[in-house]
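Coordinate-derived values only; no laboratory data. On a predicted model such as this, the values are computed, not experimentally measured, just so you know. We place every Cβ from the backbone using ideal geometry, glycine too, and count neighbours over all the protein chains shown.
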Amino acid sequence: MNAQIESWEKMALERVPQYLAGHGLPWVTRARQSAFERFVAHGFPTRREEEWKYTDVAAIAKRTSLAPDNIPPDPASEAALFAWTLAQESTHLLVFVNGHLSTELSALGELPTGARLESLADLMDSNADLPQALFDQQHEHTVFAALNTALTTDGTVLRLAPGVVLEKPVYLLFVASGHGTAIYPRNIFVLGEGAHATVIEHYFGMLEAHNFTDAVTQISLAAGAGLQHCKLLQEGKDAFHVAGIHAEQAAGSRFASHSFALGGRLARNDITSRLNGAECQCSFDGLYLLDGRQHADHHTRIDHLAPSCTSREHYRGILDGESHGVFSGKVVVHPLAAKTDAHQSNRNLLLSRQAEIDTKPQLEIFADDVKCTHGATVGQLDDDSLFYLRSRGIDAESARSLLIYGFANDIIGRVEAPEMRARIEHLVLDRLPQGDQIKELL
Amino acid sequence: MLSVKNLHVAVEGKEILRGIDLDVRPGEVHAIMGPNGSGKSTLAQLLAGREGYQVTAGSVRYLDMDMLAMPPEERARAGVFLAFQYPVEIPGVSNALFLKTALNSIRKQRGLPELDAMDFLTLVRDKMKLLGMDEKLLQRAVNEGFSGGEKKRNEILQMAVLEPSLAMLDETDSGLDIDALKLVADGVNRMRNAERAIVLVTHYQRLLEFIVPDVVHVLSQGRIVKSGGAELAVELEQYGYGWLENEVQVS
């Protein structure tokens, strides 16, 4: 155990229980304590571990405090927040500020019968019926998940009865507004048979917030259910963000995961799905757009456990400055998963000599009669394409931006929610020279 | 309009063009013919501003400007256009966005206001109709998944929208069936006028049946070995390039 954890432990055990949700429930306290023990026993991961070879979290370990706090947002930020929320009437909006639900900023809207959309902290504090999967150790893919269990502040619980279809997306906005804030969101989405929903998880850092966010999202899809999940990471430039998104899929279900990593000093996403029933469809799409000294790491894993499932994975990276991207994508085809159709690709555009990408697509196949492909590329902007655009009167800088935008757009275009697609398109263009002009012409 | 004098060009130390002289005046249609490897495409690409060529001697003036000193976008804004032999695919960028960006860059240079979305659509739809192009191609990524014929027609569409003063077409006829060829030729013929010059670079005489040139040049081994009227193309079709190359060696 290192000194930081030891000193933090003393502080955490004394202070934390008073303001963490569910402190009145003995089983929650036990679950938190045991998770914390698991975290302490392992400690922060080091680069000696294979899964953390390219991502150094020493800076997180050095933080003076990991304890979640309850800093209220300043009024100026609150006003600015509204600018960031999608048109409220077109979503079911929940806003969390520094890890806690803000009922003033949220606009739940009307939900159809059979749909429940609640704050996890509220459920824990009112001792209401909590999802059974809560604090399930099965989803502790990294030690950060144990830390999240120990310190979960709040989050969203979405439960849909069989056949319920949410027409409007659920939009979860997690805002970090304080300095040195530690935030532990936990989201649980449970969709009954044939239920359908779109959920957007947007992590946004105000100003110069150098927060640490450690998030866990658990997803359970019953037979024939469908979930579109779109994560937009737009943390402040000094923020650390570590997250796990883990899905369990029953027969014939569809899970589409989109991950856009545009901000933060260090970001790590572990995204997994287990295809437990036949004829599941699973797609993982991702885009990391990095510059300066940003670091973004995506570790994905798809387990084909049943026959005739399809998985598609398209990850792309655009790296400028001295940024560092990591992609590790594992697809495991288990012995029972005959007729698996799996395709995975990771393409990267390096815009500077100092930028670095470590990419590792992996296929492990233990079944016969499967169709699996994977590949990774690393390259620069294509000279022929640049010349083609310039020969039409487009200046060199705009031509570069158009090509970068096009490269990103192949991933953005896969998002089904139109407002979200446009939002992300604009965020990417905001980062590109002459991007404003391109925006006007869209 | 275009004046090429004693142009020598090398690629990676190998001389490809060995003293080209060419004068193109407004309103004229020139055809540059020649066998594979004669330097036709190099000339077209060099004039459009492609990098990677070393000009070892000679000069190119366009509208009294030193064309070789201009980057490709400046040439385009000054009215130069090249229809590519192999149009490039630009994934993720719609044809509409590409055309709008190009047109507005050029209009800006000409001191014209940017076209709004409606005017742009009206303009492009009309031109697409004339070229027999499906309007859906506007929302598709530039040239991505286009058939060979669609790519070539897309080049002509860009030319029609950008309205260049000097239009060069590099092997635009290759890969076209007869119906597509006629549509493309009609598109080019519609653009012929007293102010605009057109240079057709082609291996075969086929295109010249539909776009009758004023002057035909035969390029061989980096030199223009013969120039003449439209009838020269017909002779070439009959006797092949071997006939001329022999004639040149004898003389």
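Pop the C-beta distance of A:H179 and B:A57 into the FRET formula with R0 = 56 Å and round what comes out to the nearest 0.05. All intermediate terms of the calculation are to be shown ahead of the outcome.
Details: r = 66 Å, r/R0 = 1.18.
The calculated FRET efficiency here is 0.25.
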*Would you mind working out the magnitude of the charge dipole of chain B relative to its Cα centre, with +1 at each Lys and Arg C-beta and -1 at each Asp and Glu C-beta, to the nearest 20 Debye?*
440
*Could you work out how far helix B:178-191 tilts from the main Cα principal axis of chain B, as a 0 to 90 degree angle to the nearest 10?*
90
_Over chain A, relative contact order from alpha-carbon pairs under 8 Å, at least 6 apart, %_ = 9
_Using Cα-Cα distances under 8 Å and only pairs 6 or more residues apart, what relative contact order does chain B have, in percent?_
28
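Give me the inter-chain shielding for B:72-84: mean count of other chain Cβ atoms within 10 Å, whole number please. Walk me through the numbers before you get to the answer.
On the way: counts 12, 11, 3, 3, 6, 4, 1, 1, 2, 3, 4, 1, 4.
Mean shielding count: 4.
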_By the 4.7 Å beta carbon criterion, which cysteine residues of the protein assembly as shown come out unpaired?_
A:C230, A:C282, A:C372
*May I ask which residue of B:G229, B:Q109, B:Y241 lies farthest towards the positive end of the charge dipole of region B:2-250, with charges of +1 (Lys, Arg) and -1 (Asp, Glu) on Cβ and the Cα centre as origin?*
B:Q109
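Return the calculated 222 nm mean residue ellipticity for the protein assembly as shown, to the nearest 500 deg cm²/dmol, obtained by summing -39500 (n - 2.57) across DSSP H runs with n ≥ 4 and dividing by the residue count. Each step should come with its number before you reach the end.
Values: 18 runs with 200 residues, N = 693.
Here the helix-only value at 222 nm equals -9000 deg cm²/dmol.
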*List the residues whose amide H sits under 5 Å from the amide H of A:I245, counting only those 5 or more places along or on another chain, with H placed 1.01 Å from N in the peptide plane.*
A:T217, A:D270, A:I271, A:T272
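Calculate the dipole size of region A:368-420 relative to its Cα centre from +1 charges on Lys and Arg beta carbons and -1 charges on Asp and Glu beta carbons; express the result in debye to the nearest 20.
Numbers: 5 positive and 10 negative charges, 40 e Å.
My answer is approximately 200 debye.
Which pairs break 24 Å Cα to Cα here: A:K168/B:K136; B:K182/B:K226; A:K53/A:K371; B:K100/B:K152?
Values: A:K168/B:K136 29 Å; B:K182/B:K226 28 Å; A:K53/A:K371 30 Å; B:K100/B:K152 19 Å.
Correct reply: A:K168/B:K136; B:K182/B:K226; A:K53/A:K371.
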*Separation of region A:356-378 and region A:259-314 by C-alpha centroid, Å?*
13
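Within 10 Å of each residue's Cβ, count the other Cβ atoms and sort A:H141, A:H298 from fewest upward. Spell out each step's value before the answer.
On the way: A:H141 17, A:H298 24.
If I rank by nearby Cβ atoms, fewest first, I get A:H141, A:H298.
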*For chain A, modelled as a GNM with alpha-carbon contacts under 10 angstrom, which of A:A422, A:A195, A:A342 fluctuates the most?*
A:A422
